[in-house]
Amino acid sequence: MNTLSDAWSWLTSAAHWSGENGIWHRLGEHLWLTALCLVLSCLIALPVALVLGHLGKGGTLAVNISNVGRAVPTFAVLVLLLLTPLGTYGEWPTIVALILFAVPPLLTNAYVGMREVDRDVVRAARGMGMTGRQLLLRVELPLALPLVLTGVRIAAVQLVATATLAALAGGGGLGRIITAGFNLASTPQVVAGAVLVAVFALVVEGIFEVVQRFAPQWARGGFG
């Protein structure tokens with residue numbers, strides 16, 4: 001209990017919220033890194049998954065290849081990248097490692113969502129004379145959107161938690177609070193940093209839950 005009360009005291013101290021090493025600054029760094037990696041991961045994974053899901057070809061191979069990334073620890077990938085020439089380019093080793101970590105759930109959920117679209121609906125749309133592009137954007141994507149967003153939500157929450165590794169490579173984010181706590185042998189600070197990451201992940205989860213609830217209605221209006 002003393003550790004928890006000390007962690008609460010650390011979190012409620014105004015001195016720990018301001019300045020370059022303060023919580024607000026580290027939270028901003030963490031948010032930026034998470035958002036950047038999520039956007040880049042979506043740009044890589046979603047077009048591939050949607051096209052392969054639309055065509056119904058090569059998707060299983062792509063998903064299996066992407067899932068190999070789940071078997072390799074992100075920390076191991078980060079260490080290996082730091083040993084390559086990429087390690088001299090600031091936070092890029094961390095960004096690449098996080099992207100490789102986020103791609104599998106994005107690719108898998110988007111592909112499965114596209115393939116689970118009712119084939120009778122697809123055939124009816126083709127019978128109405130829809131082109132492949134119209135079929136993808138107006139029929140398949142809106143129907144697959146819940147699963148696509150589930151993949152994005154999973155990737156986002158995982159990125160929030162895993163982005164703490166950036167601190168081990170000299171980057172910013174909430175992980176710096178945890179590593180600083182270890183360096184100072186301050187258990188309350190380590191616990192406080194872990195709590196901040198957990199709360200941030202829960203907030204992100206809640207935001208995506210709201211988005212998922214209203215996205216299908218928006219998709220029907222936007223693509224219909």
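The values are calculated or read from the model by the stated rules, or taken from the named source; none is laboratory data. Quick caveat: nothing in here was measured; it's all calculated off a predicted structure. In this analysis, Cβ positions are derived from the backbone assuming ideal geometry, glycine residues included, and neighbour counts consider all displayed protein chains. Please note that ligands, DNA and RNA were not included when accessible areas were found on the heavy atoms of the full protein model with its side chains. Shrake-Rupley method; radii C 1.70, N 1.55, O 1.52, S 1.80 Å.
Brief remarks follow.
- Stretchable slack from N21 to N67, in nm (0.36 nm times residue separation minus alpha-carbon distance): 12.9 nm
- FRET efficiency, F214 to W8 (Cβ-Cβ, R0 30 Å, nearest 0.05): 0.30
- For the stretch 97-166, carbon and sulfur atoms together expose 60% of the accessible surface, with a 1.4 angstrom probe and every protein chain in place.
- To put it simply, the accessible area of the stretch 1-91 at a 1.4 Å probe is 72 percent carbon and sulfur.
- Amide N of the stretch 48-86 lying under 17 Å from the label point, which is placed 7 angstrom from the Cα of R123 along Cα→Cβ: 56
- Residue-wise HN-Hα couplings along the stretch 136-142, as the Karplus relation 6.51 cos²θ - 1.76 cosθ + 1.60 with θ = phi - 60° gives them from phi, are 5, 7, 9, 10, 5, 4, x Hz; Gly and Pro carry x.
- 1.4 Å probe accessible area per residue over the chain, in Å²: 53
- Net charge of Cβ neighbours under 15 Å - reference G173; Lys, Arg +1; Asp, Glu -1: -1
- Euclidean distance between Cα centres, the stretch 27-75 to the stretch 76-115, Å: 8
- Cα-based convex hull, the stretch 54-185, per residue volume (Å³, whole number): 127
- Virtual spin-label span in nm between L43 and L202, 7 Å along Cα→Cβ: 3.4
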